[in-house]
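Asks: Quick one: structure below, then a few questions.
The values are calculated or read from the model by the stated rules, or taken from the named source; none is laboratory data. Treat the numbers as computed from the prediction; the structure is a model and nothing was measured. Positions of Cβ are backbone-derived with ideal geometry, glycine not excepted, and every protein chain shown enters the neighbour counts. The area values use the complete protein model at the heavy-atom level, side chains included, leaving out ligands, DNA and RNA. Shrake-Rupley method; radii C 1.70, N 1.55, O 1.52, S 1.80 Å.
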Amino acid sequence: MPRILALDAAAGGVSIALAEGARIVAYVEWREDRMAGERLLFWVRQIVGGASAPGGVAVGLGPGSFTGTRVAVTAAKALAWAWGVPLLAASSLQALAAAVPMGPSAVLSSTERRGEEVYIGRYFRGQSGAEALAEDSRWQLPNLPDMARRPGDALVVVGALAADAEFIARMGARTLEEEVGAARGLVALATAGQLREVDRFTLEPTYLRGPLILPRSAMSAAHPPGRELSNGGV
Amino acid sequence: MDEGADGAGELFLGIETSCDETAVGLVHAGQGVEGEAVASSAGKQDRYGGIVPEVAAREHVAVLPGLVAAVLQQAHRQPQEITAIGVTAGPGLFGALLVGMTAAKALAVAWGRPLVAVHHLEAHLYANALSGPIMFPSLALLVSGGHTGLWLWRGHGDLVRIGETQDDAAGEALDKGARLLGLGYPGGPAIERLAATAEGPGPRLPIGHIRGGSPYDMSFSGLKTALRQTVERDPAVNAARYARSLQEAVVQALAERVDRALDAFQVGAVYAAGGVAANRVLQARLTAIARAHHIEAFVPEPRYCTDNGVMVALAARHGFLAGARLSLEQGPRTPWPLGTERL
């Protein structure tokens, strides 16, 4: 199996995995916000070291921290091109869902939370990979997102919302004992054939929000609570 | 091209993303510029009426590493031939710098090449190395939309700041004046074009003088108000004359400081750089002042006055030879004053 280097920085920290097929041979997670620029390539060099170039680079596209996602996507594009290997990508929310130990379960994954606004993904985690139940979106709390799940399937919440006990209780969900890193999920998605090959030059992160950060008052006027937020002109 | 005896045969890649331009340059120590490419988000920024850092950062991601690939192809060079990769590490927009630095770090890791952190303003000055070896000591004038100051350039990596604007940059004053006159952005070239059509001089605008500071300090913030008051008082004078008045006030303020510095310091040359240095009236004035002091004034070609990757590659070469390296754990450095404090 070819070796794959997987990178994600949409959730605040950085998550990096080197895998041979489904087997992760090196893994680093650095859970410190806004440090992707200083940590990501340092750890990539530590992990890849003097070994030959991997056979592919996988990256989480977000949505999540603008800066973190940009660092991961820029690094992945440049590494894949410079090594002359394929670039593979998936949603960071799908990657987080795929990092949950095998289901069956419905997974509500979440990356960056700003006040009551959070990026959420709704996925079904079965025996391999993670299937989307709805499109990734920007969500306004305290509304509870619909989770269409089969009777008997557990609901697992991972990412930023896992820290919100009240939300977990209202959803009737559970969390994992250990937080999961998206790079592990990227490896699971690669094994399940759920990563798509993307262009090394034109790839851009998924922002789900326009470039203008409006003051909070203007945001709530534009998006009254109670529904999914639009993509803000993206 | 500066052909240091120790540097022939070296190839340097420069990546610049400090503001709204993504620029890449490839420079050979013996043969000069081998490749260059610039992509600008100015068109997209226009929609927002100013530079939005998030828009700039998004555009940088979209075009990297494509621009690097295009430059290497243009130059028919292979990555293995690159001696070192230089990248602007500051000062500038944090999120924008981060994209260029991440791309540079990734290339350095994948290709196993050394990385050099480049100071954006110092890189502007190094654009002058295209016309020959930099002569030391010299006087360096940096004039752009974001920065305006004077330095004594005593050697590679050895700059002493002797004066700077206390408020607006010279280019900012031209931009504000251009907006007042209903001209486009950037204001400098628009003002210069319009001023050239003026039949006769315009009304005189006051030149800011700083009391108690360095004799080489400048002030441009009063110019916009003065121009507006003049326009209101004397609306019959046409816009071309006002453009000429504004240009003259900015050029005069810069020229006076340079003249004063050349009286005070023994230097071998004057090097101007930055977007405003592309102004031909300023260039002519600097040339005349330098000649009066029996030295020469140098200004890069217009496309090397604005942000570009070639200047970063040129600065990277000197940083590399001096042993300066960028660690993978180093983030953008902004603010980052250039050189040491005043004498």
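Asks: Please find, within segment B:314-343, the residue that is nearest to the other protein chains (Cβ to nearest Cβ) out of those that are touching a His at 6+ places or on another chain (Cβ under 9 Å) and of a type in the set (A, V, I, L, M).
Replies: B:A324
Asks: Tell me which residues, restricted to segment B:60-110, are closer than 14 Å to B:G331 by Cα, surrounded by fewer than 24 Cβ atoms within 10 Å (Cβ to Cβ) and more than 8 Å from every other protein chain (Cβ to nearest Cβ).
Replies: Listed by number, the residues that qualify are B:G90, B:P91, B:L93, B:F94.
Asks: Which residue is modelled with the highest pLDDT, if the candidates are limited to segment A:138-189 and must be in a loop (DSSP other than H, G, I, E, B) and under 15 Å from the mean Cα position of the chain (by Cα)?
Replies: Per the criteria, the residue is A:G181.
Asks: Here's a follow-up. For segment A:56-79, state whether one or more residues are free of Cβ contacts under 8 Å to residues at least 12 places away in the same chain and in the same structural domain as A:G12 (by TED's automatic domain parsing).
Replies: yes
Asks: Further question on the same structure: State the number of residues belonging to segment B:6-59 that are closer than 22 Å to A:G68 by Cβ, within 14 Å of another protein chain (Cβ to nearest Cβ), open to solvent by less than 10 Å² (accessible area, probe 1.4 Å) and touching a strand residue (DSSP E or B) at 6+ places or on another chain (Cβ under 7 Å).
Replies: Selection size over segment B:6-59: 3.
Asks: Assess whether A:T111 counts as being under 30 Å from B:L64 (Cα atoms) and within 14 Å of chain B (Cβ to nearest Cβ).
Replies: So A:T111 does not fit the description; no.
Asks: Among (1) at pLDDT 95 or above; (2) under 26 Å from A:T206 (Cα atoms), there is one condition B:D46 misses while meeting the rest; what is its number?
Replies: (1)
Asks: Whether any residue in segment A:86-107 is within 19 Å of the chain's Cα centre (by Cα) and over 19 Å from A:A192 (Cα atoms) is what I want to check.
Replies: no
Listed here are the residues, each with its yes/no results for (1) farther than 21 Å from A:G68 by Cα; (2) among the β-branched types (V, I, T); (3) touching a residue at least 24 places away in the same chain (Cβ under 8 Å); (4) outside the structural domain of A:V14 (by TED's automatic domain parsing).
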| position | (1), (2), (3), (4) |
| --- | --- |
| A:E117 | no, no, yes, yes |
| A:A165 | yes, no, no, yes |
| A:A188 | yes, no, yes, no |
| A:P205 | no, no, yes, yes |
| A:G210 | no, no, yes, yes |
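Asks: Still on this structure, I have one more. Would segment B:129-138 turn up any residue that is over 27 Å from B:G171 (Cα atoms), surrounded by fewer than 24 Cβ atoms within 10 Å (Cβ to Cβ), away from chain A (no Cβ under 14 Å) and touching a Leu at 6+ places or on another chain (Cβ under 8 Å)?
Replies: For segment B:129-138, residues over 27 Å from B:G171 (Cα atoms), surrounded by fewer than 24 Cβ atoms within 10 Å (Cβ to Cβ), away from chain A (no Cβ under 14 Å) and touching a Leu at 6+ places or on another chain (Cβ under 8 Å): absent.
Asks: Helices (runs of 4 or more DSSP H) wholly in segment A:32-103 with at least 3 residues that are open to solvent by 10 Å² or more (accessible area, probe 1.4 Å) - which ones?
Replies: Output list reads A:36-48, A:66-83.
Asks: For B:A273, all conditions in the list (1) touching a strand residue (DSSP E or B) at 6+ places or on another chain (Cβ under 6 Å); (2) within 14 Å of another protein chain (Cβ to nearest Cβ); (3) of a type in the set (G, A, S) hold save one; what is the number of the exception?
Replies: (2)
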